[in-house]
């Protein structure tokens, strides 16, 4: 479908450009959100008549977006999620999740389409993305994903989280310690048994001598 853009669209065109887009994209996004109008003779004339108004609206939207830049830059986008021993999330962090978090922590309302994440986040770590407050106002942000606030704080401090290996290193010595304790206990029991056997061996000759002496008397 051919449309006339009434708003600058990243990677598509500027205000007034006539572009060819997929019908679904036009009907589901561009047209209902007043970002474009069908390219007809009547609409071309209408656009030219309202061009100054449309450009002024665009500039006002840009100024509004610029006023929110600091809030977005300072937003603590901390996503706490459950993960496995390797750091892989049970699920993912999507653009919609980030948009929701941004509204909650910074009071900035954006659509998920304005979060330039690409593919969902599926592991613990620090991730760079961008928030398009306006086609001309794009803000770099960091997304911190971990299993707890302590881990988030560690990531913010620049530390790296380890998984799997750390748990193995902690568990192996513990198991070795338990084995050593068992071996020591067995050794002690064996020593006691040997001592008892020696005592019995010493008592038997003494008992025999006492019996013989009693018979002689």
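Values quoted throughout were computed directly from the atomic coordinates according to the rules given, and no laboratory measurement underlies them. Quantities reported herein were computed from a predicted structural model and do not represent experimental measurements.
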Net lengthening on full extension, residue 86/residue 14 (0.36 nm per residue, minus Cα-Cα):
21.4 nm
Gain in length, residue 103 to residue 45, computed as 0.36 nm per residue apart minus the alpha-carbon separation, to one decimal in nm?
17.0 nm
Could you state the orientation-averaged shadow area of the convex hull built on the Cα atoms of the stretch 70-163, in nm² to one decimal?
5.8 nm²
